[in-house]
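A quick write-up on the structure given underneath.
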Amino acid sequence: MTGPSLIILVFVGVLVGSGVYLALERTLSRIFIGLSLITNGVNLLILAMGGAGGLPPLLGREGQVIVDPLPQAMILTSIVLSLGTTAFGLTLAYRSWLLTGNDEVADDVEDRRLARRAGIKASSVDASFAEGTEDRTIFYDREDVPDRVTFAERRIAAEADRENELSDSDTRLEGGRP
């Protein structure tokens, strides 16, 4: 049989399915463990689709079947990237656990404000997505956070200041009053 075996494909499906389930959780540690399971499943799929074994590419002779090195190179690159991503994510989860006592991702207050501006009731959105597993010690609905100035508003204000400075310098150059 030249294609991948059914057992390997089922194992890939279990890895990716478990990874997606964990990645949809609210805790950072489960999210990054889920991402690493997805990565391992995709790596196994790439390896299975790489073809049957053969001679090493450097030692192959004319007329003999050699292995394609490209899938192996892609998997090695993926392993390095996933290791770095997992280490960074678990470090974030550990830091969050040290600061707050848990690594749960809280709802963003800005998302609620945008939903309110769009006319969507936050309570209806919460009710439709509530799982009942949220930590009761985290205050998701904090409304006492002051409005933050967005990046776009800061950029517009900086451009207006720059234009005012340019017009002031043009007035000085023309001999007018500053």
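Please treat every number below as a calculation from the coordinates, not as lab data. Fair warning: this is a prediction, and the values are worked out from it, not measured in the lab. No Cβ is skipped: glycine too gets one built from the backbone with ideal geometry, and neighbour counts run over all protein chains shown.
Go through the residues of region 53-64 one by one and say whether even a single one is without any contact (Cβ under 8 Å) to a residue 40 or more places away in the chain, touching a strand residue (DSSP E or B) at 6+ places or on another chain (Cβ under 7 Å) and of a type in the set (A, V, I, L, M, F, W, C).
Looking through region 53-64, at least one residue is without any contact (Cβ under 8 Å) to a residue 40 or more places away in the chain, touching a strand residue (DSSP E or B) at 6+ places or on another chain (Cβ under 7 Å) and of a type in the set (A, V, I, L, M, F, W, C).
Please enumerate the residues belonging to region 4-48 that are in contact with a helix residue (DSSP H, G or I) (Cβ under 8 Å, 6 or more places away or on another chain) and farther than 20 Å from SER82 by Cα.
PRO4, SER5, ILE8, LEU9
For region 48-67, does any single residue satisfy the condition of being out of contact with any Lys or Arg (no Cβ under 7 Å at 6 or more places or on another chain), closer than 30 Å to ASP107 by Cα and surrounded by fewer than 15 Cβ atoms within 10 Å (Cβ to Cβ)?
Looking for residues that are out of contact with any Lys or Arg (no Cβ under 7 Å at 6 or more places or on another chain), closer than 30 Å to ASP107 by Cα and surrounded by fewer than 15 Cβ atoms within 10 Å (Cβ to Cβ), one finds none in region 48-67, hence no.
Residues to consider are THR77, THR85; find the one that is free of Cβ contacts under 8 Å to residues at least 12 places away in the same chain, hydroxyl-bearing (Ser, Thr, Tyr) and under 21 Å from VAL12 (Cα atoms).
One residue alone meets the criteria, THR77.
Tell me, which helices (runs of 4 or more DSSP H) lie completely within region 1-118 with 3 or more residues that are basic (Lys, Arg)?
Result: 109-117.
Just to be sure, is SER78 within 25 Å of PRO4 (Cβ to Cβ) and either touching a helix residue (DSSP H, G or I) at 6+ places or on another chain (Cβ under 8 Å) or surrounded by fewer than 17 Cβ atoms within 10 Å (Cβ to Cβ) (or both)?
In short, yes.
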